[in-house]
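These notes are about the structure you will find just below.
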Amino acid sequence: MCYKIYQMLLKDLLLKDGNFFIAMEYHTLILNRTYLVIITKDFLLGLKVNDAVSVEGGHNLLTHAITHAMSVRGDLNNPFSYVKNKYLVPLLEEDINLDFILKNNKANFKIYKRDIVSVTYDATKKWGMGNYPHDGKVYIQTADNKKREFIILAQQSGQAIADWISQ
């Protein structure tokens, strides 16, 4: 049997409830990455859309300057406030169905739905998120026993996201 994969450029994708979310994931102990995660019929595509984010603060001028540069500004309840165009714009002409989009950044990922064994939602707040509004965490476990924790940023429903992934 032969299947034709239709081209779907990122720029042509209509983002709407049920086919995407924006989340943060911790890595390497204290660092974090922000992702635009696209939900398709067959896979989740995670595209890194921000570097490490920090809560603004610090007790001296240097610490304050560093955390200020790493903090998110704008409407913190809007998930797109966490997205930096410098990461997203180079991907707009890429086909989300092809793995080439993954090569743009080694942090990008693709999880096939057939490999997902569980999706759970935890409404408790993530320690260290400071004043950043978030709706708990969504955990995804795959057949190879890998587990990913996505902190659901801004005004998004973690429960709804877990349900969308599970469908």
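May I ask which residue of Ala162, Tyr132, Ala143 lies farthest towards the positive end of the charge dipole of the stretch 120-167, with charges of +1 (Lys, Arg) and -1 (Asp, Glu) on Cβ and the Cα centre as origin?
Of the listed residues, the answer is Tyr132.
Most fluctuating residue of Asn108, Asn145, Asn60 in a GNM of the chain with Cα springs under 10 Å: which is it?
Comparing Asn108, Asn145, Asn60 in a Gaussian network model of the chain, the most mobile one is Asn60.
Of the cross-linked pairs Lys103/Lys146; Lys16/Lys110; Lys103/Lys125, which ones have a Cα-Cα span greater than 30 Å in the structure shown? Working shown, then result.
Working: Lys103/Lys146 21 Å; Lys16/Lys110 19 Å; Lys103/Lys125 32 Å.
Among Lys103/Lys146; Lys16/Lys110; Lys103/Lys125, the Cα-Cα distance tops 30 Å for Lys103/Lys125.
Setting aside same-chain residues fewer than 8 positions from Lys41, which aspartates and glutamates have a Cα under 17 Å from its Cα?
Candidates past the 8-residue exclusion: Asp12, Asp17, Asp95, Asp99, Asp115, Asp163.
Please list, in chain and number order, the residues 5+ apart from Asn97 or on another chain whose amide H is under 5 Å from its amide H, with Hs placed from the backbone.
Result for Asn97 returns Met8.
Note down the magnitude of the dipole of the chain about its Cα centre, charges +1 on Lys and Arg C-beta and -1 on Asp and Glu C-beta and zero elsewhere, to the nearest 20 debye. Mind dumping the intermediate values first?
Details: 20 positive and 17 negative charges, 48 e Å.
That gives the chain a dipole magnitude of about 240 debye.
Could you derive backbone 3J(HN,Hα) for the stretch 29-41 from the dihedral phi with the Karplus parameters 6.51, -1.76 and 1.60 (θ = phi - 60°), listing whole Hz in sequence and x where the residue is Gly or Pro?
Using θ = phi - 60°, the values come out as 6, 10, 7, 8, 9, 10, 10, 8, 10, 9, 9, 10, 5 Hz.
Between Asp122 and Thr40, 0.36 nm times their residue separation minus their Cα-Cα distance comes to what?
Extra length available between Asp122 and Thr40 comes to 27.2 nm.
Just need the Rg to Rh number for the chain, please, alpha carbons only, Kirkwood Rh. Write down the numbers at each step before the final one.
Details: Rg = 16.4 Å, Rh = 16.8 Å.
Checking Rg against Rh, the ratio lands at 0.98.
Could you list the trypsin sites (Lys or Arg not before Pro) in the stretch 124-167 that lie in coil according to DSSP, counting only those with at most 11 other Cβ atoms within 10 Å of their Cβ? Mind dumping the intermediate values first?
Working: sites: Lys125, Lys126, Lys137, Lys146, Lys147, Arg148; in loops: Lys125, Lys126, Lys146.
Within the stretch 124-167, the qualifying trypsin sites (Lys or Arg not before Pro) (loop, at most 11 other Cβ atoms within 10 Å) are Lys146.
Which residue fluctuates most in the GNM of the chain (Cα springs below 10 Å): Leu14, Leu36, Leu153?
Taking springs between Cα atoms under 10 Å, the residue moving most is Leu14.
Grab the beta carbon distance between Asp17 and Asn60, set R0 = 35 Å, and tell me the FRET efficiency rounded to 0.05.
Values: r = 43 Å, r/R0 = 1.24.
So, using R0 = 35 Å, E works out to roughly 0.20.
When the chain is modelled as a GNM with alpha-carbon springs shorter than 10 Å, which of Val89, Val37, Val49 fluctuates the most?
Evaluated over the chain, the most mobile residue of the options is Val89.
Rounded to the nearest 500 deg cm²/dmol, what is the calculated helix-only ellipticity per residue at 222 nm for the chain, with -39500 (n - 2.57) per DSSP H run of length n ≥ 4? List each step's numbers first, then the result.
Details: 4 runs with 26 residues, N = 167.
Result for the chain: -3500 deg cm²/dmol, rounded to the nearest 500.
Rule-based calculations on the coordinates, nothing more; no lab input. As the structure is a computational prediction, the values presented were derived from the model and not from experiment. We place every Cβ from the backbone using ideal geometry, glycine too, and count neighbours over all the protein chains shown.
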